[in-house]
Structures are given as structure tokens and as C-alpha cells.
1. Between residue 52 and residue 6, 0.36 nm times their residue separation minus their Cα-Cα distance comes to what?
2. Which distance in nm do the two modelled labels at residue 33 and residue 17 give, with both placed 7 Å along the Cα-to-Cβ direction?
3. Once you have a ≥ b ≥ c as the square roots of the Cα gyration tensor eigenvalues for the stretch 47-87, tell me rounded if a/c is under 1.5, and otherwise prolate or oblate according to whether a/b is larger than b/c.
4. How much length is gained on full extension from residue 63 to residue 76, taking 0.36 nm per residue of separation minus their Cα-Cα distance?
């Protein structure tokens, strides 16, 4: 099963450095489906349940039935990860 653009997956983001988000957390797949089936990595944005109440250009508010809590997508933490990190 391949990730699809705009899907939400769990990803193991351990071995983080500095301000990078770590641990296992939900992520939003933002990479194009043209690459998702053939490329070994995938571009993601981590999702956090620490919701920012004020307007922020670095967060996108997310409310979906897939997540237990109202969450934010951390668009300032965009990165590519190996697909083996997806759960």
C-alpha cells in the first residue's frame, strides 16, 4: 500500500535533532502521487495536537475524524522521510 497525497499516516520520527519533531506521530503526505508509487522517500508535514490559538503562518488547523484531537499541521517542519518510517 502506497501513501497518497493528503493522506494521514503515522510515522516514526525518532532520531530527531534540535527543534525537529520526534517520536511516533501523525504526518500529512504532501508529495505528489506521481512520485509516491516509485520513489523510496516521501515528503511529509508533521501533525501536532499542540494547537496554536492565534493565527500563525507556520500552522494549518486540521479537524478530521482520523485524529482523536483537533490538531495543527506544522508546515515549517516539512521534510522527506524514508517510506520505511511510515506505519
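1. Separation in residues times 0.36 nm, less the Cα-Cα distance, equals 14.4 nm.
2. 3.5
3. oblate
4. The residue 63-residue 76 span can extend by a further 2.8 nm.
FYI, it's all coordinate maths here, none of it is from the lab. Keep in mind it's a predicted model, so treat the numbers as computed, not measured. Neighbour counts are summed over all protein chains in view; Cβ atoms, including those assigned to glycine, are modelled from backbone coordinates with ideal geometry.
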